[in-house]
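Student: Here's a structure for you.
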Amino acid sequence: MRPSPASAPPSSGLSPSPGPAQPRLNSPAPNSSQFSCRQLDPDNTGFIGVDTFAGLVHSHELPLDPTKLDMLVALAQSNAEGQVCYQELADLISSKRSSSFKKAIASGQRALPRDGPLDEPGLGFYKRFVRYVAYEVLPCEMDRRWYFYQPRTCPPPVFMATVTLTQIIVFLCYGARLNRWVLQTYHPQYMESPLVYHPGHRARAWRFLTYMFMHVGLEQLGFNALLQLMIGVPLEMVHGALRISFLYLAGVLAGSLTVSITDMRAPVVGGSGGVYALCSAHLANVVMNWAGMRCPYKLLRMVLALVCMSSEVGRAVWLRFSPPLPSSGPQPSFMAHLAGAIVGISMGLTILRSYEENLQDQCGWWVVLFSYATFLLFAIFWNIFAYDLLGAQTPPPP
């Protein structure tokens, strides 16, 4: 059973309408087939009068589900004159949200019922999983309720599943070919793969991304695949494939470019740059919204995540500087982990704190994007000119 709608203040004359949720409308107006902006706002003030809004609610002509109606009641309560902004009403019905909308209803939060989807019994497996994702990712109760009750027509989180499946298939193919499943980089033929980033093949630009499909061994693949499925999939379900894939690939690209600048003799393998971008963004979001997060055992899970991530970095450092076999050459660098973490804390945190908000409307997003683009340009020029100017001795390409 859904949370019971909030009751409106006596002065506003608003009360949520009973009945099942109605379909969303994609029109710019609340109901373009029955109403127009002139009918709802005849004086062109940008607001809908309380009487007009209450009449639409009581006559069941305003197609809102109980959750959205609760939000509009809170919105009306937050306004000194009990008015509802026409544009905010239209955006709410079309499932568009903005920072101004969230700020407008912040003062009306107390009008919303405190019962959340966590307390709702009798849910099926899928809705229980959606509830778990809501409390795992979103720090605000209103955002969690919005996500929980929102109809889902978008595809499942295919990006993280596709990347993980591809990594497993590539690892199995090279494991069978090399007859080696642990520390594959010690095999002389491993670096001959066209997917590995190697400093001697910098001109082959695709290697700056495709190295994420190769892994040192079963231990690195298992660690990355586990984090991608446990953290990446919930993040993609909430924030969408476009944003999460952009963050993941930004971490991967930043990882290889950082290695090409700071560790010029080292190759790179593994998707750790993208994995650490997702993990660091999620952990930073949890820390910054600690009081609002409802994920169970969050302190214990935070400690375990930090220990595991630190252990993985320590293992990568040991592999980089441990004496390699004579024929294997330099081992993969660990700088991709650190670069991915930086991308996650900067770009990723901006994305995760903008649930269903337009990133292009936020100044902070453009600052982060400009900083990342500046780094990309610097890294490109570095790879073109710095190796020759500095006389860097790179290992011969395999």
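Student: Please work out the Cα center distance from segment 171-248 to segment 336-373, rounded to the nearest Å.
Tutor: Their Cα centres are 23 Å away from one another.
Student: Right, next: Per residue of segment 188-205, in order, report the coupling 6.51 cos²θ - 1.76 cosθ + 1.60 (Karplus, θ = phi - 60°) as ³J(HN,Hα) in whole Hz, putting x for Gly and Pro.
Tutor: x, 8, 5, 6, 7, 5, x, 8, 6, 7, 10, x, x, 10, 5, 5, 8, 5
Student: Would you mind telling me the share, in percent, of accessible area of segment 158-390 contributed by carbon and sulfur at probe 1.4 angstrom? Don't jump to the answer; show the numbers that get you there.
Tutor: Details: 7680 of 10360 Å².
Result for segment 158-390: 74 percent of the exposed heavy-atom area is carbon or sulfur.
Student: When each pair of different Cα atoms in segment 158-390 is counted once in the 1/r mean, what is the Kirkwood radius in angstroms, to one decimal?
Tutor: Working: mean 1/r = 0.0549 Å⁻¹.
Taking every pair of different Cα atoms in segment 158-390, averaging 1/r and inverting gives 18.2 Å.
Student: Calculate, for segment 158-390, the solvent-accessible area per residue in square angstrom, rolling a 1.4 angstrom probe over the heavy atoms of the protein chains.
Tutor: On the way: 10360 Å² over 233 residues.
Ligands and nucleic acids excluded, the result is 44 Å² per residue.
Student: Also, I was wondering about something else. Rounded to the nearest 10 Å², what accessible area does Trp181 show when all protein chains are kept and the probe is 1.4 Å?
Tutor: Roll a 1.4 Å probe over it and Trp181 shows about 110 Å².
Student: Long-range amide H contacts for Tyr197: which residues qualify at under 5 Å (H placed 1.01 Å from N, peptide plane, sequence gap of 5 or more or a different chain)?
Tutor: Tyr211, Val268
Student: Now a separate question. Which whole-Hz ³J(HN,Hα) couplings does segment 294-305 yield from phi under the Karplus relation 6.51 cos²θ - 1.76 cosθ + 1.60, θ = phi - 60°, glycine and proline marked x?
Tutor: After applying 6.51 cos²θ - 1.76 cosθ + 1.60, I find 10, 5, x, 6, 5, 5, 4, 5, 5, 5, 4, 5 Hz.
Student: Excluding ligands and nucleic acids, what accessible area in Å² is computed for Asp361 using a 1.4 Å probe, to the nearest 10?
Tutor: 120 Å²
Student: Continuing with this model, one more query. Where does segment 177-234 land on Rg(C-alpha)/(2.2 N^0.38 Å)?
Tutor: On the way: Rg = 13.1 Å, N = 58, 2.2 N^0.38 = 10.3 Å.
In units of the globular-protein estimate, segment 177-234 measures up at 1.27.
The values are calculated or read from the model by the stated rules, or taken from the named source; none is laboratory data. Worth saying up front: this structure is predicted, and the values here are computed from it rather than measured. Surface accessibility is based on the protein's heavy atoms, side chains included, excluding ligands, DNA and RNA. Shrake-Rupley method; radii C 1.70, N 1.55, O 1.52, S 1.80 Å.
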